[in-house]
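Asker: Can you read through this structure? Questions will come right after.
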């Protein structure tokens, strides 16, 4: 396994639990063992959890885990990995779980060279931002997607003044208009300011500034970029594997007969094209699917996504099963439009496509049933 994240560790655990008794080596570039990444924008920033609290359960002692170890290149014909230690590590089966890194405005050509840009992806990023939030500060967040809005929520909870800048309403592209409006209203009540403009540029090495195409400027103690993530595939450049938009795999997570990929790095076939699904639940499902494919090949079951997603922000806990984003207004199965607790269902004709709860406890099985009920 190349990548000692949740996905890599779950592939290793799944191999063992399914009877594989050969040698397993887990290689990770970070110095920290795998941890619960969603907790970074929640418990870690809130100060209610420590790094030790979010570590995953230790791996079995018969799995060779090597942290602080990078893979430089892979020779797929001779089945060898070249490590930054100079070692050539042979393999019979390979699981690629290298994940992704935060995309930067600089990567998009939207930052002046030398601009001070802050991203949020790993435990170090979370600890650095948590320390900054100990003093009252001004935060400007570029990007109103899931991460950007969860960061905005955590920052205002710690007393920061927050502005979110994006080209469209927050969460519209991820959740759809109805849920976007609910979250935006809650955020405004907490004092978050929203700015929309199609063109942004970051400048300033000491005092960072976001400059819009119309000349407006927004400065802050920190400019946080939350503009997506980029799959870590550069080390595969010499392999001729298809990596545009992520490492392309089949519906069992296979790149080749003896090579699989899962998690944020993997692009699965979805509705006729390869796409990544960089969310926690997808990583779990893909890891189990890929491990089974390493062991059983064509006999392994293909991935059947459950399409489950959840987020916590601005006092709202939202859980969703089904197709996203959803358009139009849902049927309100429980609650009223003005209520703080809602059970929602969207339909396409006579068939349900998506179900969601807002601040309502309901078994996930029931929510899934509502998402596929005729």
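The values are calculated or read from the model by the stated rules, or taken from the named source; none is laboratory data. In this text, all values refer to a predicted model and were calculated from it rather than measured experimentally. Every residue, glycine as well, gets a Cβ built from its backbone with ideal geometry; the counts of neighbours run over all protein chains shown.
Asker: Kindly evaluate residue 164 against the criterion of being under 20 Å from the mean Cα position of the chain (by Cα), in a strand (DSSP E or B), under 30 Å from residue 323 (Cβ atoms) and not assigned by TED's automatic domain parsing to the domain that holds residue 328.
Answerer: Working: under 20 Å from the mean Cα position of the chain (by Cα): yes; in a strand (DSSP E or B): yes; under 30 Å from residue 323 (Cβ atoms): yes; not assigned by TED's automatic domain parsing to the domain that holds residue 328: yes.
Considered against the rule, which asks whether it is under 20 Å from the mean Cα position of the chain (by Cα), in a strand (DSSP E or B), under 30 Å from residue 323 (Cβ atoms) and not assigned by TED's automatic domain parsing to the domain that holds residue 328, residue 164 comes out as yes.
Asker: Find the residue count for region 355-370, including only residues that are closer than 22 Å to residue 185 by Cα and buried (at least 21 other Cβ atoms within 10 Å of the Cβ). Write out each step before concluding.
Answerer: Just the residues of region 355-370 that are closer than 22 Å to residue 185 by Cα, to begin with: 355-361.
Cutting the leftovers down to buried (at least 21 other Cβ atoms within 10 Å of the Cβ) gives us 355-357.
Count: 3.
Asker: From the list 292, 352, pick out the single residue that is at pLDDT 95 or above, under 30 Å from residue 253 (Cβ atoms) and surrounded by 14 or more Cβ atoms within 10 Å (Cβ to Cβ). I'd like the intermediate steps shown before the answer.
Answerer: Working: 352 fails: at pLDDT 95 or above.
One residue alone meets the criteria, 292.
Asker: Could you check region 185-231 for strands (runs of 3 or more DSSP E) lying wholly inside it with 1 or more residues that are under 25 Å from the mean Cα position of the chain (by Cα) and without any contact (Cβ under 8 Å) to a residue 40 or more places away in the chain? Break it down into steps so the answer makes sense when it comes.
Answerer: Details: elements: 193-196, 200-203, 209-212, 217-219, 222-225, 229-231.
Once the strands (runs of 3 or more DSSP E) in region 185-231 are filtered for at least 1 residues that are under 25 Å from the mean Cα position of the chain (by Cα) and without any contact (Cβ under 8 Å) to a residue 40 or more places away in the chain, what remains is 193-196.
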